[in-house]
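Here is the structure we will look at.
The values are calculated or read from the model by the stated rules, or taken from the named source; none is laboratory data. Keep in mind it's a predicted model, so treat the numbers as computed, not measured. Please note: Cβ atoms are built from the backbone with ideal geometry, for glycine as well, and neighbour counts cover all protein chains shown.
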Amino acid sequence: MKKLLLGGLVGIGGALSGIPALAQSSTAPSGESTAALPTVVVTAQRREQSAQDVGAALTVLSGEDLTNKGITNINKLQYEVPNVEIDPQYGSGQPLFRIRGVGLKDYATNNTSTVGVYVDEVAYPFPVQTQGLLFDIDRVEVLRGPQGTLYGRNSTGGAINFLSRRPTQVFDAGVTASYGSYNAKTVEGYVSGPFSDALRGRFSFAREQGGAWQYNRVTGQSLGDKDTLALRGQLELDATRDLKLNLTVHHGQDKSESQGPRLYQGLVPNAAGKALGFSTIAAEKDPRVTGWSLTPAFAKVTGLSVGDKPHRDNQSDGAALTANWEFDKVKLTSITSTESFKRREFIDWDGSAIPQSDEYFKSNIGVFSQELRLASKGQNRFNWLAGVYYGRENLDEKFYSDFTGNLGYATLTAYKQKADVLAAFGQGDYKLTENTRVVLGLRQEHETRKLENFTTSYALYPAQPAKVGTSTFPAQDRSLTSDETSGKLGLEYQLRKGTLLYTSVSRGVKSGGFTAYNSSFPQQVDAVKPEVLWAYEVGAKSDVTRSLRLNASAFYYDYRDQQYQSQVFIDPVIKNVGRLVNIPKSEIYGLELELQWEPIAGLTIGQYLGYKEGYYKEYKGLDVAATKANGYTAPVYSDFAGQELTNFPKTSYGGSLSYTWTQGGFRYTAQGDYVFHDTLKSSVPAYNTNSYWLANTRFAVTQPGAKWTAALWVRNLLNTKYDLYHGSFLSNAQIATSGMPRTIGIQGIYNF
């Protein structure tokens, strides 16, 4: 299979070499309207370039794309980019990012993601920070593969960069509003312009409300209303002719109701649940049906109210000062930022009124970062960038779990985590010949992580009240210090104008961390080492004609010390417990194809295909079933070498079609898109999520030169029933996070 993938890409490169004649023949006779794809300018390599000149797998979406497709949350990007998945784990605000199968399945707040997320070049190291509204965005750039030689943070999977719109030299303002099914309302707007010749400003906002599409199986109460607010303000100052300053501040609130899980296998109460009078719940086929409750005792401990629905009360605030100082041949950039995030989230992880796994998170995050970069200016024979990065992270978290319906008690887990990151990085590319460039990047990083005063104690213990407040083990401290090197070596060849071939070898690193779950034994919080990814990639980018663009890439990943959620054996009394572990060696390989075509003026067709698969190369893991069969007298380990990796779908496919025409003094745009997501396999086949297709459509009308646009949209056109994620903490309550049913709405846009 690996030879087939690489051979196929070489074949594409060879085929592209014979295209010049075709490109020339696409020119229309003089005077005729011709179709042509626009040049997409990106800053993925920290300088302005055409996306087609970047020798890396890169997908770009404009702010207009996000608006037209109703993408107001980062999670929906998984339907726009090949080999990208963003799972809403257990319906909570803690997402699971994967790019090309590289992702850490971990519901805890404390560990960094394999995918770096940046907003205006400021890193969001904790996945829970990324769930705010997307609004007033200029573009989003999604890079696949290890990053670190050009970025403040290190990552093994890739990077997602959001670039917001900047203040303008002239007055500009606009508002977009949408209303849809389940009384869902969205409005966003901006105002931008100059205060003087040297000072400009921009203010933008977004608001979401309503949309409750689920209901309680017992009471009929609705669930899912959104209540979010996001604000961003910018000031941009030309301090001198060569020095520009940008100050950005933002504020966000999320008081939305959480999504409820679907009991796709039903629920049979265990002995404790039956003793409390609860009965069996049949398997749910309707994704709209869920359940929840809070016991009075648990509500009192957490400060919630008995009648509360699953919800969150989160707040994010931040500020960043960016300075760009231009010299004759170099540019100095400084980015100083501070971010805070407060999480208050109640989630019912058993999807029922039974108090089996009711969770309440109380988290406070603080992140400070300083980045300095010095880079060459323009497009030269030798382009270079060098930088340093310092980041400090603080997390203070408590989370409560109500297990009284199955274990007879509730717990409180509390801890603090601190991390300091110091890195030096750089990358340069040198033009060896007229058509050939070599790329070299290097990063050295020193990181210290500390887990302090980690405890799990009994918050409630009705059967033995004397246990309340006692810890399962004495408070634990852990620390992890790592010095890691990452880098990139690449070769780019301009086959002809508009056609780039590239190949690269990269080494990426993801930070180590700690297992911060409810823990009964101190061994559970032992550190997990950093993971390392050696990535080998070949690719081709070609503007085949002025109206046809084809990009392709194939990759092979040599994965070392992959971080993985598993179980370890302690002793015959304690038995096995859940913990993050390192898998010594595994591999992932796959390919991606992306096509954009405008066969006639006004008609745009897009297609993408992603495929990946992976296997363990060296891993002996605990065989829980076999260990249980021998009465837990000794651990039994199975050799997983050669077995297939799970927890990511093999195939992702998507397409879009848009046609714009003018008739009777109006301009109309009809567009549609569709995606296919493959089966998401679990290590336990019964927990697999099924494959599914989704389709959306939008019809818009305006007048040439007008300031307004009106649109009608339909999402999940075929009313497909599908699940985004399966997972459980309880063998008797397998839960699914389901996708929304069909929704219909209208949208209005007005630019002043």
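For every residue, the table says whether it meets (1) of a type in the set (A, V, I, L, M, F, W, C); (2) modelled with pLDDT under 95; (3) crowded, with 22+ Cβ neighbours inside 10 Å.
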residue: 334; (1), (2), (3): no, no, no
residue: 360; (1), (2), (3): no, no, yes
residue: 364; (1), (2), (3): no, no, no
residue: 381; (1), (2), (3): no, yes, no
residue: 396; (1), (2), (3): no, no, no
residue: 417; (1), (2), (3): no, no, yes
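Apart from one condition, residue 577 fits all of (1) over 30 Å from residue 547 (Cβ atoms); (2) aliphatic (A, V, I, L, M); (3) touching a residue at least 40 places away in the same chain (Cβ under 8 Å); (4) out of contact with any helix residue (DSSP H, G or I) (no Cβ under 7 Å at 6 or more places or on another chain); the exception is (4).
When the criteria are applied in full, residue 433 meets the requirement of being in a loop (DSSP other than H, G, I, E, B) and either free of Cβ contacts under 8 Å to residues at least 40 places away in the same chain or hydroxyl-bearing (Ser, Thr, Tyr) (or both).
Each row is one residue, and each column tells you yes or no for (1) within 12 Å of the chain's Cα centre (by Cα); (2) buried (at least 24 other Cβ atoms within 10 Å of the Cβ); (3) hydrophobic (A, V, I, L, M, F, W, C).
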{"position": "116", "(1), (2), (3)": "yes, yes, no"}
{"position": "120", "(1), (2), (3)": "no, no, no"}
{"position": "127", "(1), (2), (3)": "yes, yes, no"}
{"position": "138", "(1), (2), (3)": "no, no, no"}
{"position": "146", "(1), (2), (3)": "no, yes, no"}
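Of the residues making up the stretch 456-486, those that are within 29 Å of the chain's Cα centre (by Cα) and surrounded by 20 or more Cβ atoms within 10 Å (Cβ to Cβ) number 2. When each of 100, 153 is tested for being under 24 Å from residue 53 (Cα atoms), modelled with pLDDT of 95 or more and crowded, with 23+ Cβ neighbours inside 10 Å, the lone residue that passes is 100.
Taking the condition of being within 17 Å of residue 654 (Cα to Cα) and either free of Cβ contacts under 8 Å to residues at least 24 places away in the same chain or of a type in the set (Asp, Glu) (or both), how many residues in the stretch 580-597 meet it?
Counting residues in the stretch 580-597 that are within 17 Å of residue 654 (Cα to Cα) and either free of Cβ contacts under 8 Å to residues at least 24 places away in the same chain or of a type in the set (Asp, Glu) (or both) gives 2.
Checked against (1) of a type outside the set (A, V, I, L, M, F, W, C); (2) over 24 Å from residue 99 (Cα atoms); (3) at pLDDT 90 or above, residue 67 passes all but a single condition, namely (2). Determine whether the stretch 81-102 contains at least one residue that is farther than 18 Å from residue 537 by Cα, among the charged types (D, E, K, R) and outside any strand (DSSP E or B). Taking every residue of the stretch 81-102 in turn, none turns out to be farther than 18 Å from residue 537 by Cα, among the charged types (D, E, K, R) and outside any strand (DSSP E or B).
Residues that are crowded, with 18+ Cβ neighbours inside 10 Å and at positive phi within the stretch 211-244 comprise 211, 224, listed in sequence order. Is there any pair linking a residue in the stretch 538-557 that is under 20 Å from residue 605 (Cβ atoms) and in contact (Cβ under 8 Å) with a residue 24 or more places away in the chain to one that is among the basic types (Lys, Arg) and not in a strand (DSSP E or B), with Cβ under 9 Å and at least six apart or on different chains, and which? Hits for this filter: 543/497. Restricting the search to strands (runs of 3 or more DSSP E) fully inside the stretch 634-732 and requiring at least 3 residues that are in contact with a strand residue (DSSP E or B) (Cβ under 8 Å, 6 or more places away or on another chain) and among the aromatic types (Phe, Trp, Tyr) gives 651-663, 666-677, 692-702. The residues of the stretch 624-641 that are in contact (Cβ under 8 Å) with a residue 60 or more places away in the chain and aliphatic (A, V, I, L, M) amount to a single one, 634. Candidates 39, 67: the one that is in contact with a Ser or Thr (Cβ under 9 Å, 6 or more places away or on another chain) and surrounded by fewer than 17 Cβ atoms within 10 Å (Cβ to Cβ) is 39. Take residue 525 and tell me if it is over 26 Å from residue 403 (Cβ atoms) and in contact (Cβ under 8 Å) with a residue 60 or more places away in the chain. Criteria not met by residue 525.
The set of residues in the stretch 733-752 being within 30 Å of residue 407 (Cα to Cα) and either touching a Ser or Thr at 6+ places or on another chain (Cβ under 8 Å) or in a loop (DSSP other than H, G, I, E, B) (or both) consists of 733, 734, 735, 736.
Could you tell me whether the stretch 438-455 includes any residue that is among the small types (Gly, Ala, Ser), crowded, with 18+ Cβ neighbours inside 10 Å and more than 21 Å from residue 487 (Cα to Cα)? No, that holds for no residue. No other residue among 404, 413, 472 is in contact (Cβ under 8 Å) with a residue 24 or more places away in the chain and closer than 22 Å to residue 364 by Cβ apart from 413.
Could you please let me know if residue 405 is modelled with pLDDT under 95 and touching a Leu at 6+ places or on another chain (Cβ under 8 Å)? Against the criterion (modelled with pLDDT under 95 and touching a Leu at 6+ places or on another chain (Cβ under 8 Å)), residue 405 qualifies. Take the conditions assigned to a strand (DSSP E or B) and surrounded by fewer than 17 Cβ atoms within 10 Å (Cβ to Cβ) and apply them to residue 388. Does it pass? Yes, satisfied. Give 453, 394, 383 a once-over and let me know the one that is on the phi > 0 side of the Ramachandran plot and in a strand (DSSP E or B). After applying the criteria, what remains is 453.
Scanning the stretch 176-209 for residues that are touching a helix residue (DSSP H, G or I) at 6+ places or on another chain (Cβ under 9 Å) and surrounded by 18 or more Cβ atoms within 10 Å (Cβ to Cβ), we see that the one that is nearest to residue 258 (Cα to Cα) is 188.
Number of residues in the stretch 33-64 that are part of a helix (DSSP H, G or I) and hydrophobic (A, V, I, L, M, F, W, C): the value is 1.
Every residue, every condition in (1) modelled with pLDDT under 95; (2) aliphatic (A, V, I, L, M); (3) closer than 27 Å to residue 578 by Cβ; (4) under 25 Å from the mean Cα position of the chain (by Cα), yes or no:
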site	(1), (2), (3), (4)
674	no, no, no, yes
686	yes, yes, yes, no
696	no, no, no, yes
710	no, yes, no, no
725	yes, no, yes, yes
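Within the stretch 115-153, no residue satisfies the criterion of being in contact with an Asp or Glu (Cβ under 6 Å, 6 or more places away or on another chain) and assigned to a strand (DSSP E or B).
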